[in-house]
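Have a look at the structure below before the remarks.
Read-outs throughout are calculated quantities, based only on the coordinates presented, and are distinct from any laboratory measurement. The shown structure was predicted, so the numbers you read here are calculated from the model rather than taken from an experiment. Reconstructed Cβ throughout: ideal geometry from the backbone, glycine too, with neighbour counts over all protein chains shown.
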């Protein structure tokens with residue numbers, strides 16, 4: 001297939017500068033947007049069926065449409081969530097380092113669509129190379145009057161600021177991100193009101209993922225019908241899919257939405273390394289439910305993966321092999337999420353460490369049969385609707401599905417009083 005998001009990535013050591021990006025059609029989408037009314041841009045993105053690429057898959061144009069109408073010059077904000085901390089996920093870093101102008105153009109289109117005067121890039125602090133390249137691109141655009149006041153004589157004003165965050169997983173939740181950006185404790189806010197109505201400093205705010213923004217220049221340049229035609233299913237466009245674990249060629253690839261999981265796993269990731277057998281996979285990062293061999297022929301499509309009992313999430317597969325202990329793998333993930341809990345609500349703050357303790361007892365040979373019932377209870381106790389945000393429900397998804405598909409491994413740990421994979 002023709003590359004869209006990654007057309008400039010991998011062609012050299014450095015990303016394209018402004019002049020090179022423009023020569024290949026860069027900022028044409030933004031110029032098209034400036035010739036349209038903001039509401040027309042929102043409608044065009046709605047028609048494209050672009051869904052958010054951060055994990056939830058919410059329709060982007062619909063999200064923008066929730067911003068209430070206002071007078072020209074009213075303070076509004078657009079924020080890029082570049083705080084990529086989902087275990088097994090690295091797609092946004094690839095896009096930011098490889099083609100920062102594509103990302104900036106997407107943010108500029110979104111800002112015009114929601115009439116935002118100011119934008120912030122909330123960047124994971126470890127992404128130092130991405131920060132340097134983004135800052136260079138911002139400075140190039142400022143000199144070229146693509147950022148600032150009266151951009152290209154259109155009357156549109158937009159300034160963009162790079163914020164390297166202190167780094168917490170909870171900042172992937174948009175209202176916790178907003179609190180952190182304001183200098184507050186990074187905890188989620190009660191909703192409603194939603195950020196589109198009352199977000200950063202109480203003003204209307206739109207937060208989108210890096211990959212979501214990167215799709216916008218191409219939609220505005222080629223049109224929604226073209227974008228819909230890129231996908232193999234009803235979910236439109238292309239997606240950065242990836243794979244990690246004991247596969248022969250771990251990495252990330254731009255593929256059509258709806259690409260079968262088996263094709264990603266076997267053709268692009270190369271299948272299992274020699275001497276290892278496939279057992280299962282997390283389809284969208286560390287906070288999604290395990291799927292197994294019977295699911296390999298499913299298309300990577302939001303609704304299909306949902307019906308199979310998991311979530312497409314970020315689209316980054318984490319593959320489990322036959323030599324890796326699923327109990328230890330789940331323990332590692334639960335420990336991570338327990339550490340990253342903001343501590344705002346009791347189920348998450350106290351429940352995740354307790355679940356981690358039980359898993360550790362099982363892994364170290366001190367588990368008892370009733371511990372499995374306790375763990376199942378935690379998956380219900382931390383289910384959606386019982387916690388302040390989605391961190392804890394996501395954290396127990398690998399656990400609840402491991403108990404479903406790999407229960408015999410938990411039982412062997414208890415019966416043999418130790419991890420059978422260590423022998």
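Normalised by the empirical 2.2 N^0.38 Å for globular proteins, what value does the Cα Rg of the range 3-113 take?
Numbers: Rg = 15.2 Å, N = 111, 2.2 N^0.38 = 13.2 Å.
The range 3-113 yields a ratio of 1.16.
Going by the alpha-carbon gyration tensor, a ≥ b ≥ c the square roots of its eigenvalues, is the range 18-230 rounded (a/c under 1.5) or, if a/c is not under 1.5, prolate (a/b greater than b/c) versus oblate? Kindly include the intermediate steps, with their values, before the conclusion.
Working: a/c = 1.32, a/b = 1.16, b/c = 1.14.
Cα axes put the range 18-230 in the rounded bin.
Taking the mean number of other Cβ atoms within 10 Å as a proxy for protection, how do you rank 166-175, 364-373, 100-109 from highest to lowest? Working shown, then result.
Values: 166-175: 21.2, 364-373: 13.9, 100-109: 27.5.
Descending packing order for the listed peptides: 100-109, 166-175, 364-373.
Angle between the Cα long axis of helix 38-48 and the longest principal axis of the chain, 0 to 90 degrees, nearest 10?
On a 0 to 90 degree scale, this one is about 40.
Rounded, prolate or oblate: which fits the range 162-209, taking a ≥ b ≥ c as square roots of the Cα gyration tensor eigenvalues, rounded meaning a/c under 1.5, else prolate when a/b beats b/c?
Cα axes put the range 162-209 in the prolate bin.
Give the whole-number value, in cubic angstrom per residue, of the convex hull volume spanned by the C-alpha atoms of the chain. Before the final figure, lay out the partial values.
Details: hull volume 55.9 nm³, N = 423.
Value for the chain: 132 Å³ per residue.
Among DSSP beta bridges lying fully in the chain, give the percent that are antiparallel, nearest 5.
On the way: 15 of 37 bridges.
Counting DSSP beta bridges with both partners in the chain, the antiparallel share is about 40 percent.
Percent antiparallel among DSSP beta bridges with both residues in the range 18-230, to the nearest 5? Write out the running numbers ahead of the final one.
Details: 2 of 19 bridges.
Antiparallel bridges: around 10 percent, rounded to the nearest 5.
With axes computed from alpha carbons, what is the tilt in degrees of helix 100-114 against the longest principal axis of the chain, rounded to the nearest 10 within 0 to 90?
70 degrees
Round to a whole angstrom and tell me the spacing of the C-alpha centers of the range 98-164 and the range 42-82.
16 Å
Taking the Cα atoms of the range 46-166 alone, what are Rg (to one decimal) and Dmax (as a whole number) in Å?
14.7, 44
Å³ per residue of the Cα convex hull, for the range 327-369?
Details: hull volume 2.4 nm³, N = 43.
Output value, Cα hull per residue: 56 Å³.
Please report the antiparallel percentage of the DSSP beta bridges confined to the range 227-384, to the nearest 5.
On the way: 13 of 18 bridges.
Once the DSSP bridges in the range 227-384 are tallied, antiparallel ones form about 70 percent.
Let me know the shape class of the range 243-340, please: from the alpha-carbon gyration tensor, a ≥ b ≥ c as square roots of the eigenvalues, rounded when a/c is under 1.5, otherwise prolate if a/b is greater than b/c, or oblate. Spell out each step's value before the answer.
Working: a/c = 1.65, a/b = 1.14, b/c = 1.45.
Oblate shape, in that a/c is at least 1.5 and b/c is the bigger or equal ratio.
Could you state the angle between the C-alpha long axis of helix 326-340 and the longest principal axis of the C-alpha atoms of the chain, as a value from 0 to 90 degrees rounded to the nearest 10?
Around 50 degrees separate the two axes.
In Å and whole numbers, how far do the C-alpha atoms of the range 326-422 stretch along each principal axis, longest first?
Reported extents, whole Å, longest axis first: 38, 21, 18.
Rg(Cα) of the range 132-257 divided by 2.2 N^0.38 Å? Walk me through the numbers before you get to the answer.
Working: Rg = 18.3 Å, N = 126, 2.2 N^0.38 = 13.8 Å.
For the range 132-257, the normalised Cα radius of gyration is 1.32.
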